[in-house]
Each structure stands twice: as C-alpha cells, then as structure tokens.
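Written out below as structure tokens is the structure these notes cover.
The values are calculated or read from the model by the stated rules, or taken from the named source; none is laboratory data. Here the structure is a predicted model, which means the values were calculated and not measured. Cβ placement follows ideal geometry from the backbone for every residue including glycine, while neighbour counts extend to all protein chains displayed. Surface areas here come from the heavy atoms of the whole protein model, side chains and all, with no ligands, DNA or RNA. Shrake-Rupley method; radii C 1.70, N 1.55, O 1.52, S 1.80 Å.
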Amino acid sequence: MNATITATARYLPDRVLTNFDLEKMVDTSDEWIRTRTGINERRLVAEGEATSDMCASVVNQLLEKSGKKPEDIDLIIVATITPDMLVVATAAIVQDKVGATNAWGFDLTAACSGFLYGLETGAKLVSSGQYKNVIVIGADAMSSIIDYTDRNTCVIFGDGAGGALLEPTESDSGILDSILYADGSGRDSLKVPAGGSLHPASKETVENRMHYVYQDGKTVFKFAVKNMADVSEKILKKNGFEGKDLSLFIPHQANKRIIDAAAKRCNLSEDQVLINIEKYGNTTGGTIPIGLDEAVENKRIKNGDLVLLSAFGGGYTWGSVLLRWNDSP
Ligand code: UT7
C-alpha cells in the first residue's frame, strides 16, 4: 500500500516586511537582496501569534478541503525549529486547538528539510496500514529567532506554514520514493547556539545574542548547491527518470541561485520549477508545503504528474521525495 497526498494547505501571516523596510533597519539594499537571493518581501507573524496558530489554520483548511472531521485525524507531525516552547510539543498544542481527539503527534527537528523528513515518516506509517489520516506540517515563525540587527540573516528568513494530508492508496501512485540524509558535522554552519542543554539560557547567552540564528552563509551555500543537486539527480536516476519526465520540481526556497543550480543540473526548464521565494523568503520548514499548495491551487500539478521535492538545511539535513500526483486515490 502507498501513501498519497489527498489535500494541501498553507498559511502566510498578513504582516509584510519588504526589502525597503529592511533598508531602514540594517545596512542593506533592495538591489543586494534581490540579486543575491531572489527575495522581494517576506511575511511575519503578528504579536502573540505562534507556530501552533499557523499549524492550526493549516489543519483546519485540510479538514475543510478533505471533508474530514477533527476526530478522523490519527497523527499530526509538525516539522519546525520554532516550536511554541521547548516543552511541550507544538503538535500536542495543535491537536488541542483543532480538537483532534483521536490523534497523537510529535515535533520533528530537521530545519529546512523538516517537511520531507515528516513526509517520509508519515508515508511509512500510512503504508504500514496502521494509520489512515496523517497530517504533516512544515511551519516556522523564523522571526522569533532572527536578529533584526544582523544583515546576514534578517534579509533571508520569513514566517509561514504549509501541510498535507496523507492517506492510503491501493494504486501505485502517491509517494514513490525518498532519499534523506543528515550530516551533523555541519552543525556549526547554521545554528541557534543557546537555549538547549549545551548552553542553557542565561544572562550571558542573551547578552551574546546566542538565541538567534547564526549562519555561515557562504559555507552553507556551497554545501546546498552540491547536495541538493546531487540528491535530486540521484532520486530521478534511481527510479529510472530524467529531468524531462518531471512535471514540477518544488525545491526548498533558500536562495534563487541555489534553486537555479539544482534545476540546471537536472536539465529542467524554467516552467518545470516552482519559485515563490520573492514573496515569502525562506520560511524554513514551510517552503515546500507552501509551494506544493500553491502549485495545486494554480493547477500546476495535475493527476498523474511526476513531482520532485528537494530540500537542504541546517544540521546539515537534506533529501528528496518523489511522488506521482493522484487526484482520486
Ligand atoms: O535554508 C537554510 C539553508 N540556508 C541557505 O541555503 C543559505 C545559503 N547562503 C546564501 O544564500 C548566501 O550565502 C547569502 C544570501 C546568505 C549571502 O550571499 P553571498 O553571495 O554568499 O554573500 P557573502 O556572504 O559572500 O557576502 C558578500 C558581501 C560581503 O561584503 P564584502 O565582504 O564583500 O565587502 C557581505 O558583508 O555582501 C555583504 N553582505 C550584504 N550586503 C548587503 C552580506 N549580507 C548583506 C546584506 N546586504 N544583507
């Protein structure tokens, strides 16, 4: 039995932070941000709005689109690096907010690859036959961990969430394959150093700004270009496909130059690649499910289409998921 995506949804907060707004906050320019990253603007959560609020909106939309009730949900997986709090799991808060009284759930930490890690986990639990309605969400309120005096990071990230409902299918479509990796030797290139057991929160950690994202952009960039292209090429080859067989490539939206490099390696034309980084920046766990939902809504994905999802993120973590879209499982 395969698992297939039967509904998608996204949530973007209303508040918009443009490149021109950032020009007033740090030493940067709209021109630098656009040409180096492809980003024009990003969304930010409202005061008091947390990751679980974005997730709850996603779940409620998924229920509405699929005609299911909250009590039909078996499992909620939330891929996030910005949980509402360290303890408890955001998934449990979401379970309560949407009234999913028969569900269990957990959070998963894999940064920008989180949604793909979640999709693979959820798909395997569905194909085991034990769970029928599994919701996988990628969601991040990056503004909660971004230093808006650090131009190296504040221009890149934004807030947002997306998700998918996974159900079993007897057909041979749905999630076809996945290749996922982790390499923790890259942990110092992209991290929030404090607030965990290694450096618990203290006056010093706050004074040294250790609760914010630190990124060695150049090192991450090189790793991302190579590994996202490698894994995308590898999963196509492993399954007997070439770039021309793909209807749509939905890559993690971290930098348009990284996306262009991966697309070039897989011999993809512009119309085969989903790019929405200009509107939302890098929403970490959110980018791929947000892109997927936009693609479904805009009819860029149709029944029978071959779709490739690829991501790269802090950890390092990276990987690809290949799926055959199925409108009527
Ligand atoms: O999703 C998680 C994974 N993360 C990523 O994939 C991010 C990967 N990295 C990147 O996307 C890019 O490395 C960045 C967008 C972060 C930076 O772009 P870059 O082309 O690698 O720039 P750079 O760090 O090499 O900096 C080039 C110059 C430097 O000035 P000098 O030393 O040449 O005088 C920086 O100080 O640009 C300067 N700079 C900026 N200038 C204006 C760095 N950030 C900014 C800025 N505005 N925001």
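Below is a table of values for the structure above.
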| read-out | value |
| --- | --- |
| Projected label distance in nm at Asp27 and Asn298, using a 7 Å step from Cα toward the beta-carbon | 3.7 |
| ³J(HN,Hα), Karplus 6.51/-1.76/1.60, whole Hz, each residue of region 4-19, x for Gly, Pro | 9, 7, 10, 7, 10, 7, 9, 9, 10, x, 6, 5, 10, 10, 8, 4 |
| Cα centre as origin, Lys/Arg/Asp/Glu Cβ charges: the chain dipole, Debye | 720 |
| Estimated [θ] at 222 nm from DSSP helical runs (n ≥ 4, -39500 (n - 2.57)) normalised by residues in the chain, nearest 500 | -9500 deg cm²/dmol |
| Alpha-carbon radius of gyration plus Dmax, which is the widest Cα pair, for the chain in Å | 18.7, 57 |
| Estimated dipole of region 95-215 in Debye, rounded to 20 [Cβ of Lys and Arg +1, of Asp and Glu -1, Cα centre] | 260 |
| Debye, to nearest 20: dipole size of region 187-295, +1 on Lys, Arg Cβ, -1 on Asp, Glu Cβ | 380 |
| Most mobile of Ala103, Ala46, Ala224 in a GNM of the chain (Cα contacts under 10 Å) | Ala46 |
| Leading residue at positive end of dipole, the chain (Cβ point charges), from Ala311, Thr153, Ala110 | Ala311 |
| Solvent exposure of the chain as accessible area per residue, Å², 1.4 Å probe | 43 |
| Region 188-329, accessible surface, carbon-and-sulfur percent (1.4 angstrom probe) | 51 |
| Positive-end residue, the chain charge dipole about Cα centroid, Cβ charges, pick of Val88, Ile277, Thr219 | Thr219 |
| Contact order normalised by residue count of the chain, Cα under 8 Å, 6+ apart, percent | 26 |
| Under 19 Å, Cα to Cα: Lys pairs in region 34-172, sequence gap 8 or more or different chains | 7 |
